[in-house]
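Notes follow once the structure below has been shown.
The values are calculated or read from the model by the stated rules, or taken from the named source; none is laboratory data. Treat the numbers as computed from the prediction; the structure is a model and nothing was measured. Ideal geometry is used to build each Cβ from the backbone, glycine not excepted, and the neighbour counts take in all protein chains shown. These accessible areas exclude ligands, DNA and RNA; they are computed on the full protein's heavy atoms, side chains included. Shrake-Rupley method; radii C 1.70, N 1.55, O 1.52, S 1.80 Å.
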Amino acid sequence: MAFKRFDPEDFVISTDSITSTLWSTGAPTLTSFFTSSIQEAGSSGNYYLSIYQTSSTLTSAQVQFDVVYADILGSGSELYNTAVPQNSYTKTMYGQYRSLILEDENANFIFGTGNNVVTASNFWVLSVERARYKQSLFPGSINLTDDSLDNPVSVFLGSTRVYQLISGSNGTAGTLPNSGYVAGSGSYGLVFPDLGTIMLNPLAISQSIKVSPSRSNNADGFNNRKLYEAIKLGSSFALNSQENITSDYVFVRARNSEFNYSENPTFISGSTGEVIYSNFINQPQVYLTTVGMYNDSNDLLAVAKMSRPLLKDFTKEALVRVKLDF
């Protein structure tokens, strides 16, 4: 075994963005949508409706995303307690997303930009199951689409990256006069790729899919199911995931004068301690098979195995590139 300290120029850092399919079907577009009567009738059904790629009674069924309706006034759902007005499931969900994204219990969501903005008192949410995406949703893959190409500089709400949901394709807005927005109603929603969350603006969406949420007081408006039925009728939900893979490339250099001898005990006589084969003294030959990386405390941190042994002697130099992904 031989050791050599790395130099700073032996390290190179590279980051690659990997895009892959999101849905458990393996396809970029989800075309079948199912719910679970058990989940909908249970306690969680008051807050959200889970959507599966196949019948929930099958063992292959997996949650793809959840549909949520949130209302700042608590409308569209029953009250927790009739003695406490406006304290309902939809108001709880509004507060949850406000705390999660805006990080301010007094702030409000705004759909749109410039002079075409709407302050949201209610919204729908499509929350993608965490197991479906790796690091984030892939901007530009949503249909409608986000405005990631029209606005390449990231915008944040609180500490969360956000894009406007607009009509168009592949991250670019549609044509004039409204450039992807709805006149007087702002954008179709907001996309938070790092949270796997798409927030829909009912005022704009209703003009396209003709579905409006019920905002009755102390009554279940079945708003989660209303949006689910609209999605099911459309029979298409295209979405991909994205992951940034950071790699450290370490270049291990074995010059012609280095790493030519072996400490393998079979090279040495057990009785005399001499090299068994004298020609190995001036003309040694060894095979490089493994690169171990140690810290200054001599702790082994990583091991790289070569695909095949590499012959090394005084007439040869070796350059081994080790890739560390994390």
- Task: Sort out which residues of the stretch 73-110 are among the aliphatic types (A, V, I, L, M), outside any strand (DSSP E or B) and under 22 Å from SER159 (Cβ atoms), and write them in order of number.
- Result: MET93, LEU100, ILE101, LEU102, ALA107
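Which residues, counting only those in the stretch 60-72, are in a loop (DSSP other than H, G, I, E, B) and under 16 Å from GLN39 (Cβ atoms)? Working first, answer last.
Residues of the stretch 60-72 in a loop (DSSP other than H, G, I, E, B): 60-62, 72.
Residues satisfying the conditions are ALA61, GLN62.
Grab the strands (runs of 3 or more DSSP E) fully contained in the stretch 141-225, keeping just those with 3 or more residues being on the phi > 0 side of the Ramachandran plot and modelled with pLDDT of 90 or more.
Working: elements: 155-157, 160-166, 189-192, 197-200.
Once the strands (runs of 3 or more DSSP E) in the stretch 141-225 are filtered for at least 3 residues that are on the phi > 0 side of the Ramachandran plot and modelled with pLDDT of 90 or more, nothing remains.
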- Failed condition for ASN217, given (1) open to solvent by 90 Å² or more (accessible area, probe 1.4 Å); (2) touching a Gly at 6+ places or on another chain (Cβ under 7 Å); (3) closer than 30 Å to ASN46 by Cβ: (2)
- Note on the structure: For GLN39, the lone unmet condition from (1) part of a strand (DSSP E or B); (2) modelled with pLDDT of 95 or more is (1)
- Task: Only residues that are open to solvent by 30 Å² or more (accessible area, probe 1.4 Å) and more than 29 Å from the chain's Cα centre (by Cα): list them for the stretch 59-108, please.
- Result: LEU73, GLU78, LEU79, TYR80, ASN81, THR82, ALA83, VAL84, PRO85, GLN86, ASN87
- Task: Those residues that are of a type in the set (Asp, Glu), in contact (Cβ under 8 Å) with a residue 60 or more places away in the chain and either assigned to a helix (DSSP H, G or I) or touching a Leu at 6+ places or on another chain (Cβ under 9 Å) (or both), I need them from the stretch 226-254; list them, please.
- Result: ASP248
- Of (1) surrounded by 10 or more Cβ atoms within 10 Å (Cβ to Cβ); (2) modelled with pLDDT of 90 or more, LEU319 satisfies every one except (1)
- In this structure, does PHE6 turn out to be aromatic (Phe, Trp, Tyr), in a loop (DSSP other than H, G, I, E, B) and on the phi < 0 side of the Ramachandran plot? yes
- Consider only pairs whose beta carbons are under 6 Å apart and that are at least six residues apart or on different chains; among these, list those whose first residue lies in the stretch 155-166 and is closer than 15 Å to GLY196 by Cβ and whose second residue is open to solvent by 50 Å² or more (accessible area, probe 1.4 Å) and part of a strand (DSSP E or B). VAL162/VAL155
